[in-house]
Structures are given as structure tokens and as C-alpha cells.
Amino acid sequence: MMIKDQESKRKIANALKFDPESDSAPRLVAKGVGVVAENIIARAKENNVPIYEDEKLSNQLKQLEMGDQIPYDLYEVVAEVLVFIAGVDQRKK
């Protein structure tokens, strides 16, 4: 996820990981603002990881601690992200 921080116009990036065998919900595995966000985005691009932009979600995710599972109130919006990623994966095949 990536979006620009409205206050400072710096980029915000978050990365989620979901392992259905061990996780009940996606986990926050990376987060950053500014240069750190740019590095997260660059790594995602290098590894062909889809990038989904949602300002509200990015700001909510940056409040979580690393390794935290997303809270229940974010399930619906994160499900939309997962559907987006599944569509990208399908188009690549």
C-alpha cells in the first residue's frame, strides 16, 4: 500500500502478509514514511508485488505495530486489497 502523507506530502507505505495456514488475518510486515516508504515501494516493484493505493487504509495501517494482525474493523477493506491482488495475479498468468 502506498499513499502520500497529506501533512508532509511524504510517501507512506505498508506491506501486509497473509499465510492462511498460520494467520487468522493479514499481518503488517513493513511500514514506513519518506525514504523508508520509498524503499518498501522499490522492493515491491523489484519483486513484482502489486501496489494498491488507499490513503485512508495506509494511515490506519501505519498506526499498527510491526507483526500485528489487522484489526477486525479493517477486514472488509483489506479483503478488497486481496481481491485486487488476486486479479493482478490472474492477469499475469
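Can you divide the C-alpha Rg of segment 2-92 by 2.2 N^0.38 Å and report the result to two decimal places? Please list the in-between numbers first.
Values: Rg = 12.8 Å, N = 91, 2.2 N^0.38 = 12.2 Å.
Compared with the compact-globule rule of thumb, segment 2-92 sits at 1.05.
Count of lysine pairs in segment 12-93 with Cα atoms under 26 Å apart, counting only pairs 8 or more residues apart in sequence or on different chains?
Within segment 12-93, the lysine pair count is 13.
Per residue of the chain, what 222 nm ellipticity follows from adding -39500 (n - 2.57) for every DSSP H run with n ≥ 4, rounded to the nearest 500? Please list the in-between numbers first.
Details: 3 runs with 37 residues, N = 93.
That comes out to -12500 deg cm²/dmol.
Please give the length that would be gained between K92 and V29 if that part of the chain were fully extended, namely 0.36 nm times their separation in residues minus their C-alpha to C-alpha distance (nm, one decimal).
This chain segment gains 20.3 nm when fully extended.
Which net charge results for the neighbourhood of V77, defined as the other residues with beta-carbon distances under 10 angstrom from its beta-carbon, given Lys and Arg at +1 and Asp and Glu at -1?
Local charge sum for V77: -3.
With contacts defined as alpha carbon pairs under 8 Å and 6 or more residues apart, what's the relative contact order of the chain in percent?
Working: 127 pairs, mean separation 27.1, N = 93.
It rounds to 29 percent for the chain.
What's the local net charge at M66, with K and R +1, D and E -1, over the other residues with C-beta under 9 Å away? Numbers along the way, then the final one.
Numbers: positive: R27, K31; negative: E65, D68.
Spelling it out: positives minus negatives among the neighbours equals 0.
Values quoted throughout were computed directly from the atomic coordinates according to the rules given, and no laboratory measurement underlies them. Values in this document were obtained by computation on a predicted structure and should not be read as measured data. All Cβ positions, even for glycine, are placed from backbone atoms using ideal geometry, and neighbour counts span all protein chains on display.
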